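The values are calculated or read from the model by the stated rules, or taken from the named source; none is laboratory data. Note that the coordinates shown come from a computational prediction; the quantities given were computed from them, not determined experimentally. Counting neighbours? That spans all protein chains shown, and the Cβs are built from the backbone with ideal geometry, glycine included. The protein model used for the area step is the full one, side chains on, heavy atoms only, and it has no ligands, DNA or RNA in it. Shrake-Rupley method; radii C 1.70, N 1.55, O 1.52, S 1.80 Å.
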Amino acid sequence: MIDTPPTAAPHIVIFDSGVGGLSILQAARQQLPHGRFSYLSDNGGFPYGNKPAHHVIDRACRVLESFAAEVDDVDVYVIACNTASTLALPRLRRHFTRPVVGVVPAIKPAAELSRNKYIGLLATPGTVKRSYTKRLIEEFASDCHVVSVGSSALVELAERKLRQEYISPEQLQPILAPLITLSSSNPTPARLDTLVLACTHFPLLADEIAQALSPRVQLVDSGLAIARRIAYWTERIQPLASLPTQPTYAWFTRADSSTESLSDTLALFGFDEIRLLHIPTP
Ligand code: DGL
């Protein structure tokens with residue numbers, strides 16, 4: 001049987017501060033092979049994970065509103081950044097008439113999967129301390145011991161990996177040490193059997209993280225759940241544009257040599273061209 005593509009492909013924009021959203025893009029492409037994807041990185045505002053909440057909310061909203069002013073046929077917005085989602089989703093959903101899908105820490109599935117009821121949470125420093133994350137733990141992992149680790153250094157390593165730099169598991173060891181080492185917040189490290197990758201940058205380092213930890217630790221992220229949520233919406237809405245094939249763009253808020261060094265990676269992820277998005281000053 002011939003698999004006939006739909007006449008109009010839904011246009012989905014995947015947004016993150018940096019390259020982290022590419023981990024969500026991978027999962028989304030598998031779920032929606034006929035989707036038309038744009039990527040939007042606020043590399044001019046990167047990183048978000050160590051910035052105050054009000055700054056992240058204002059910046060993420062300003063970037064997405066500027067993008068919508070430039071590209072007017074987006075069907076689904078995906079906030080592929082835990083740091084921005086845990087803060088800015090309500091405001092973005094009020095602003096946009098099209099669906100806005102967010103990514104939040106996969107604490108619920110991790111708590112269900114953990115046999116020892118002892119889980120790790122690896123996120124940005126911002127996500128670890130947000131009340132949204134604390135509420136998720138109270139609601140879905142109240143029967144688990146949770147060891148939380150916030151790291152911006154790991155975000156940087158993922159950025160470097162996607163710029164073709166070799167990252168060794170040894171470089172991750174000091175960052176992951178609180179998950180392995182006995183401390184007041186980690187009283188029985190040998191019981192930790194599940195780790196939530198609650199920053200979209202971290203699945204890009206899944207192999208290195210797995211090698212640095214014991215094989216008994218299973219890694220859990222939100223990629224598949226978000227991909228299914230995007231598919232849920234694309235099945236329910238009529239695409240705004242009728243052109244199924246167009247060049248695909250990866251948009252950045254700053255153009256420099258570090259942006260250029262992502263060209264090969266972006267081509268591998270299926271993007272034809274890098275574009276610059278101008279963000280007006282507040
Ligand atoms: N990828 C983003 C997240 O999921 C954070 C990276 C950053 O610190 O900007 O939280």
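Here is how the numbers come out for the structure above:
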item	result
Solvent-accessible area, 1.4 Å probe, carbon plus sulfur percent, for the stretch 128-216	55 percent
Cross-link pairs beyond the 23 Å C-alpha cut-off, checked among Lys108/Lys134; Lys51/Lys117; Lys108/Lys129; Lys51/Lys108	Lys51/Lys117; Lys51/Lys108
Efficiency of FRET from Cβ geometry, Thr188 and Asp72, R₀ 51 Å, rounded to 0.05	0.40
The stretch 154-282 - Rg (one decimal) and Dmax (whole number), Cα, Å	19.2, 58
Calculated P(r) tail over 17 Å for the stretch 144-221, as whole % of Cα pairs	42 percent
Descending semi-axes in Å of the stretch 108-147, equivalent ellipsoid built from Cα gyration tensor	17, 11, 7
Å³ per residue enclosed by the Cα convex hull of the stretch 2-70	89 Å³
Cα-centred dipole magnitude for the chain, charges only on beta-carbon of K, R (+1) and D, E (-1), debye, nearest 20	920 debye
Dipole magnitude of the stretch 48-125 about its Cα centre (Cβ charges: Lys, Arg +1; Asp, Glu -1), debye to nearest 20	480 debye
Shape metrics for the chain, restricted to C-alpha atoms - Rg then Dmax, Å	18.7, 60
Rh (Kirkwood; distinct C-alpha pairs) - the stretch 1-115, Å	15.2 Å
Estimated Rh, the stretch 113-186: Kirkwood, alpha-carbon pairs, angstrom	13.8 Å
More than 16 Å apart - percent of Cα-Cα pairs taken over the stretch 176-233	51 percent
Residue-normalised accessible area of the stretch 147-282, given per residue in Å² at a 1.4 Å probe	52 Å²
